[in-house]
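This report refers to the structure that appears directly beneath it.
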Amino acid sequence: TSTARTTSVTLKALGLDSYNLGVYNGEWSGNGDVVETVNPATGEVLGAVQQASGKDLDHTLQCATKASKMWREVPAPKRGEIVRQMRNALSEKIEPLGRLVSLEMGKILPEGIGEVQEYVDIADYAVGLSRMLNGKVIPSERPGHMMMEMWNPLGVVGVISAFNFPVAVYGWNSALSLVCGNAVVWKGAPTTSLTSVAVTKILAEVLEANGLPGALCSLATGGADIGDKMAQDKRVNLVSFTGSTNVGRKVGLTVQERFGKSLLELGGNNAIIVHNDADIDLAVRSILFAAVGTAGQRCTTTRRLFLHEDIHDTFIERLLKAYGQIRVGNPLEPGILCGPLHTKAAVAAFKEGIADVKAQGGTIVHGGNVLSHLAGNFVEPTITSISHDAPVVHREIFAPILHTIKFSNINEAIEWNNEVGQGLSSSLFTTSPERIFNWIGPSGSDCGIVNVNIPTNGAEIGGAFGGEKETGGGRESGSTSWQQYMRRQTCTVNYSGMLPLAQGIKFE
Ligand code: UN1
């Protein structure tokens, strides 16, 4: 078939085979289970990856620990230079890599390429950052003393990432970790193992060409067992986990038990509020991308839509018209906006969600069906009408289901925005400055990402990315997120030759 041809061309362009080793620590190996990954749009097998065994992980952590000890002594701007080369190598392969993401994850090609671009962007950011890992000088209360803050590398950073962003989320963590002087050990989702191998091959080539230990960008593909071992292992100084709230809670507790550091980026249940003074055109187009883009499988996907009563009916009408024009199908085909769900389990979760909507007093306004006549995991982009406090509305279902809810007062809508367990992203559509500043202020949205007149998804890399409450509290990507990949040291240097004690204490 033509997709089989596309697959073989894509794998070849990225140096992959139909069978690949899934462990890298300077050498490629793999003694665990062989996992076949599947094109969710067709059901075809794409290729196989032999994953890490427990022993493979142990050896990889040994190599990464060793590599981190030389890397931490390399001046940060020199580390940045290596990340710059990685950025260029990724950029050269952006087309085939984006296509592999489409084939293996199921997102449409522009979004597949878009997430490689996100890696390129954060690499640019990291290169600049490598000259700006600045500490502080703090005035000492003691004469002849100097107090300063130093940022030093952590050692080994473990990155556990999810299927839905198989390149970008690793990119954020790895680019920052590397310039901060750490070695990285990565476990991606087993269902996107080929993408993990393809990315690692690109990075490995840069490291090896520079005579650096490959273990700086280690890979240990595997399932929950490998993730669990990473969480438990003391050699992993920081575990950066992106995934579900349930698994994240366990990872967080396991890492805390050994007083390791964790960075959690967990579930979202993001809302858009459209006020009666909003630019309706802008809002409709935003919601389309936010609710249907990536087939509803972003952690930033809009799942709840609060519409002001004055515009509710016309807005729904406009939305239905827009939804009627969405083409669902093969994500590599131009014009398709909604690809498949990633797995059969996700289709089952979609079905269960639709049944729960009906059982909990909601109605299906658009869609609601599994497209079972197609070979892949396709479902209809769905709009419901339901109460804000129905239990199904408070659950994150990783599928294109948008719950619409009418409100009459902005405070009520903000309260509903904040009443769910998750706290990732949120957006308000309005033209009123008063409402805008209230929304981003102390009594506004309680989320980590608080937008105005743009979708809840599609964040730029320059800001800190993450959320509050059950979203886990971690911040990845831009702003001061890099500080989580380093340890802060308060250093006081006495050059006075005397010993004045702080707080004026006399001890003699
Ligand atoms: C995710 O879904 O885990 O803001 C990450 C966005 C993307 C990243 C999403 N830049 O939608």
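The values are calculated or read from the model by the stated rules, or taken from the named source; none is laboratory data. Bear in mind that the values here come from a model prediction, so they are computed numbers and not experimental data. Using ideal geometry, Cβ is built from the backbone for each residue, glycine included, and neighbour counts are taken over all protein chains shown. Surface areas here come from the heavy atoms of the whole protein model, side chains and all, with no ligands, DNA or RNA. Shrake-Rupley method; radii C 1.70, N 1.55, O 1.52, S 1.80 Å.
Keeping the other protein chains in place, figure out the carbon and sulfur percent of the accessible area of the chain, with a 1.4 Å probe.
Ligands and nucleic acids excluded, carbon and sulfur give 53 percent.
Return one whole number: the accessible area per residue of region 1-155 in Å², for a 1.4 Å probe.
46 Å²
Could you tell me which residue out of LEU332, ASN411, ALA399 lies farthest along the dipole of region 308-423 toward its positive end? Charges go on the beta carbon: Lys and Arg +1, Asp and Glu -1, centred on the Cα centre.
Positive-end residue among those listed: LEU332.
Sum up the charges of everything whose Cβ sits under 12 Å from the Cβ of PRO75, counting Lys and Arg as +1 and Asp and Glu as -1, but leave PRO75 out.
Counting the neighbours of PRO75, the net charge comes to +2.
Please give the FRET efficiency for SER18 paired with LEU374, using the beta carbon to beta carbon distance and R0 = 25 Å, rounded to the nearest 0.05.
So the FRET efficiency works out to roughly 0.50.
Using a 7 Å offset from the Cα along the Cα-to-Cβ direction at both ASP58 and ALA345, what is the distance between the two label points in nm, to one decimal?
2.8 nm
Do you know the relative contact order of the chain, to the nearest whole percent, from alpha carbon pairs under 8 angstrom that are 6+ apart?
Dividing the mean separation by the residue count of the chain yields 17 percent.
Of LYS250/LYS469; LYS250/LYS344; LYS78/LYS107; LYS55/LYS201; LYS107/LYS351; LYS107/LYS344, which pairs sit farther than 27 Å apart, going by alpha carbon to alpha carbon?
Over 27 Å Cα-Cα: LYS78/LYS107.
Once fully extended, how much extra length lies between GLU419 and ARG488, figured as 0.36 nm per residue of separation less the alpha-carbon to alpha-carbon distance?
21.3 nm
Viscosity 0.890 mPa s, temperature 25 °C: what is the translational diffusion coefficient of region 1-126 from Stokes-Einstein with a Kirkwood Rh over Cα pairs, rounded to a whole number of µm²/s?
Here the translational diffusion coefficient equals 149 µm²/s.
Taking the dipole about the Cα centre of the chain, with the C-beta of Lys and Arg at +1 and of Asp and Glu at -1, give me whichever of ALA220, SER244, ALA355 is farthest to the positive side.
Sorting the options by dipole projection puts first ALA220.
Hey, what's region 456-495 come to in accessible area per residue, 1.4 Å probe, Å²?
46 Å²
Express the accessible area of region 260-306 per residue in Å², computed with a 1.4 Å probe while the remaining protein chains stay in the model.
Here the per-residue accessible area is 21 Å².
For PHE437, tell me the accessible area in Å² from a 1.4 Å probe, rounded to the nearest 10.
140 Å²
Using Cα pairs under 8 angstrom and six or more residues apart, how large is the relative contact order of region 424-508, in percent?
Relative contact order of region 424-508: 22 percent.
Which semi-axes, in whole Å and largest first, does the equivalent ellipsoid of the chain have when worked out from the alpha carbon gyration tensor as the square roots of 5 times its eigenvalues?
39, 32, 19
To the nearest 0.05, how large is the calculated FRET efficiency for LYS250 and LYS506 if R₀ is 35 Å and r is the Cβ-Cβ distance?
My answer for the efficiency is 0.10.
Along the charge dipole of region 37-180, pointing to its positive end and built from +1/-1 on Cβ of Lys, Arg, Asp and Glu, which listed residue (LEU178, MET150, VAL167) has its Cα farthest out?
With unit charges placed on the Cβ atoms, the residue in question is MET150.
Would you pull out the residues with amide H under 5 Å of LEU402's amide H, same chain only if 5 or more places away, H placed 1.01 Å from N?
THR382, ILE383, THR384
With just the Cα atoms defining each centre, how far is region 262-288 from region 4-45? Give it in Å.
Centre-to-centre (Cα) distance: 36 Å.
As a quick test, which of the pairs LYS136/LYS234; LYS321/LYS406; LYS136/LYS506 have an alpha carbon distance above 23 angstrom in this structure?
Pairs exceeding the cut-off: LYS136/LYS234; LYS136/LYS506.
Within the chain, what percent of beta bridges assigned by DSSP are antiparallel, to the nearest 5?
Around 40 percent antiparallel, to the nearest 5.
Kindly point out which whole DSSP H helices in the chain project their C-alpha atoms 27 angstrom or further along the helix axis while averaging a Kyte-Doolittle hydropathy of 1.6 or above.
none
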